[in-house]
1. I want to confirm something. Restricting to segment 44-73 and keeping residues that are farther than 17 Å from residue 97 by Cα and touching a helix residue (DSSP H, G or I) at 6+ places or on another chain (Cβ under 8 Å), which single residue is surrounded by the most Cβ atoms within 10 Å (Cβ to Cβ)?
2. Do any strands (runs of 3 or more DSSP E) entirely within segment 197-272 hold 2 or more residues that are in contact (Cβ under 8 Å) with a residue 40 or more places away in the chain, crowded, with 22+ Cβ neighbours inside 10 Å and touching a helix residue (DSSP H, G or I) at 6+ places or on another chain (Cβ under 9 Å), and if so, which?
3. Output the residues belonging to segment 103-141 that are in a helix (DSSP H, G or I) and surrounded by 18 or more Cβ atoms within 10 Å (Cβ to Cβ).
4. Suppose the filter is over 19 Å from residue 138 (Cβ atoms), crowded, with 18+ Cβ neighbours inside 10 Å and modelled with pLDDT of 95 or more; does residue 35 pass it?
5. Kindly indicate the residue of segment 1-32 that is assigned to a helix (DSSP H, G or I) and in contact with a strand residue (DSSP E or B) (Cβ under 7 Å, 6 or more places away or on another chain) and also surrounded by the most Cβ atoms within 10 Å (Cβ to Cβ) among those meeting that condition.
6. With respect to the numbered conditions (1) in contact with a strand residue (DSSP E or B) (Cβ under 6 Å, 6 or more places away or on another chain); (2) touching a residue at least 24 places away in the same chain (Cβ under 8 Å); (3) surrounded by 13 or more Cβ atoms within 10 Å (Cβ to Cβ), which one is the sole condition not fulfilled by residue 76?
């Protein structure tokens, strides 16, 4: 494995308390392994409301991909796996969900006092999807600096080993962003290398909390009638910068889009 070309002199920053919501054990696991599971973060009613808000938006987007792009658009494949982004711009329910006190407390503990929403998207893995979603780091898709931001993988349905639960490779996050190669299924930073893995099955309402630098993948959905549904919400420190190329030219831009990268915490408090 080789570091990303922009990943120069990265040093993982361990966390110190006091913490609002997390235990020393959870934070220690996050620093050592790059993830932990927060069980039963959200009740069934909250998850049911969120699913009711997301389902029609996901179905509409999937139909657009079928009609306009022949069923495939970048890493999305209709009837197999869908990625419906920026739901907070379309759904009051999704927006309010990202502002839940649970996320504020997690962000305070792991990112600090000034935090914005960075990205949100649903990921629905459909029954009979035989492919994995490849090993990747979230910062390998779009390079953000500081590299060390936060992903919360919210299970909207039970996610098990038979329908596409996440799998984590522990410890590698401490190296920073790795170089990624594009495959037919998405960006990949591991290839055929033999690496340690931890499967992370979760019940609906639980959250897999991991770093933007934690290599992870999801298993196939071998069921015949279960859509594995998840909602991904990511948070970054205020001042985070997106770095990339557009039309062959280098660019950098602040991650502060007013519609979707709004404040989660300001000086440790709920924004007015």
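The values are calculated or read from the model by the stated rules, or taken from the named source; none is laboratory data. What you see is a predicted model, and the numbers here were worked out from it, not measured in a lab. Because the Cβ atoms are built from the backbone with ideal geometry, glycine has one as well, and the counts that use them run over all protein chains shown.
1. The qualifying residue surrounded by the most Cβ atoms within 10 Å (Cβ to Cβ) is 73.
2. Numbers: elements: 207-211, 216-218, 228-237, 241-246, 249-254, 263-265.
Counting at least 2 such residues, we get 207-211, 228-237, 263-265.
3. 103, 104, 106, 107, 108, 109, 110, 138, 139, 140
4. On the way: over 19 Å from residue 138 (Cβ atoms): no; crowded, with 18+ Cβ neighbours inside 10 Å: yes; modelled with pLDDT of 95 or more: yes.
So residue 35 does not fit the description; no.
5. Initially, segment 1-32 is screened for residues assigned to a helix (DSSP H, G or I), giving 24-32.
From what's left, in contact with a strand residue (DSSP E or B) (Cβ under 7 Å, 6 or more places away or on another chain): 26, 29-30.
On the way: 26: 19, 29: 17, 30: 22.
Only one residue tops the list, namely 30.
6. Of the numbered conditions (1) in contact with a strand residue (DSSP E or B) (Cβ under 6 Å, 6 or more places away or on another chain); (2) touching a residue at least 24 places away in the same chain (Cβ under 8 Å); (3) surrounded by 13 or more Cβ atoms within 10 Å (Cβ to Cβ), the odd one out for residue 76 is (2).
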